[in-house]
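Reading through the structure tokens given below for one structure.
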Amino acid sequence: GGEDSMEQAVRERKDDRIRYIRLEANEGIAGNTNAAICRASGRYIGLLDHDDVLTPDALYEMAHALKEKEKRGIHPIFLYSDEDKWDGEDSYYEPHHKLDFNLDLLLSNNYICHLSTFSRELMDQAGRFSTEHDGSQDYDMILRLTEKAKHIVHIPRVLYYWRVHAGSVASGVGVKPYCILAAKRALQD
């Protein structure tokens, strides 16, 4: 299955920076993400879905932007990039060239979504993922992180490919209507 092949790929790569950890129980997206964050050792956290793809230079671009801000003493920081949709094979379509940070737009929809990167310091201030917002857990977290961030950086480049399949929100939020209710709860909170 998918988990076994992922675990095998990580073992074959022999890269100590990549760790595959099988959890004893499925705690849902928020709980599983919190478990991963607790096991992460870096100063920064990046959010992406398990079946999506980063461009070859995505991590470099995020690290470069972080380093530039750190040189100027800007902390804590939140970064996000543009994204595109991908059919999982060879078709890329519907690029999302996002605006620089716009609170009014964010309060009406999660235009930031992927690829988001932020400091552990910022997450410590904002708190962990809330299981009450499963379905819109990223939106809830982005709202809380951007509220606490001293600087928000938009990298105007597609660094993330959001895989679209029949059961994914990437194909339309209507496939998971509970996401809309979770987003409303996140805004109310």
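The values are calculated or read from the model by the stated rules, or taken from the named source; none is laboratory data. Note that the structure is a prediction, hence the values are computed from the model and not measured. Cβ atoms come from the backbone with ideal geometry, glycine included; neighbour counts cover every protein chain shown. Side chains included, ligands, DNA and RNA excluded: accessible areas come from the protein's heavy atoms. Shrake-Rupley method; radii C 1.70, N 1.55, O 1.52, S 1.80 Å.
Separation between the residue 94 and residue 20 pseudo-spin-labels, each 7 Å from Cα along Cα→Cβ, expressed in nm?
3.0 nm
Kindly write out, for segment 151-156 in residue order, the coupling ³J(HN,Hα) from the Karplus curve 6.51 cos²θ - 1.76 cosθ + 1.60 (θ = phi - 60°), rounded to whole Hz, with x marking Gly and Pro.
My calculation for segment 151-156 gives 8, 10, 10, 9, 9, x Hz in order.
Order these peptides, 90-99, 154-163, 103-112, by their mean beta-carbon neighbour count within 10 angstrom, highest first.
Output ranking for 90-99, 154-163, 103-112: 154-163, 103-112, 90-99.
How would you classify segment 74-184 from its alpha-carbon gyration tensor, with a ≥ b ≥ c the square roots of the eigenvalues: rounded for a/c under 1.5, else prolate if a/b is greater than b/c, otherwise oblate?
oblate
At 7 Å along Cα-to-Cβ for each site, give me the label-to-label distance between residue 67 and residue 151 in nm.
That separation, rounded to one decimal, is 1.5 nm.
Ignoring everything except DSSP H segments at least 4 long, calculate the 222 nm mean residue ellipticity for the chain; use -39,500 (n - 2.57) per segment, divide by total residues, nearest 500.
Helix-only estimate at 222 nm: -11500 deg cm²/dmol.
Ordering 12, 61 from largest to smallest accessible area (1.4 angstrom probe), what's the sequence?
Result of the area sort, largest leading: 12, 61.
Tell me the net charge near residue 30. Cut-off is 11 Å between Cβ atoms, residue 30 excluded, with +1 for each Lys or Arg and -1 for each Asp or Glu.
Counting the neighbours of residue 30, the net charge comes to -4.
Measuring from a point 7 Å past the Cα of residue 120 along Cα-to-C-beta, which residues in segment 62-101 have an amide N at less than 15 Å?
Under cut-off, by backbone N: 77.
Restricting to the chain, compute how many DSSP beta bridges are antiparallel as a %, nearest 5.
55 percent
Near residue 185, within a Cβ-to-Cβ distance under 14 Å, what is the net charge of the other residues, with Lys and Arg +1 and Asp and Glu -1?
-3
Give me the distance in nm between label points sitting 7 Å out from Cα along the Cα-to-Cβ direction at residue 74 and residue 181, one decimal.
4.0 nm
Is segment 1-112 best put as rounded, prolate or oblate by its Cα gyration tensor, with a ≥ b ≥ c the root eigenvalues, rounded for a/c under 1.5, and otherwise prolate when a/b is larger than b/c, oblate when not?
Note, shape of segment 1-112 comes out prolate.
Put +1 on the Cβ of every Lys and Arg and -1 on every Asp and Glu Cβ in the chain; which of 105, 40, 131 then has its Cα farthest towards the positive end of the dipole?
40
When Lys and Arg each count +1 and Asp and Glu each count -1, what net charge do the other residues less than 10 Å away from residue 98, Cβ to Cβ, add up to?
That works out to -3.
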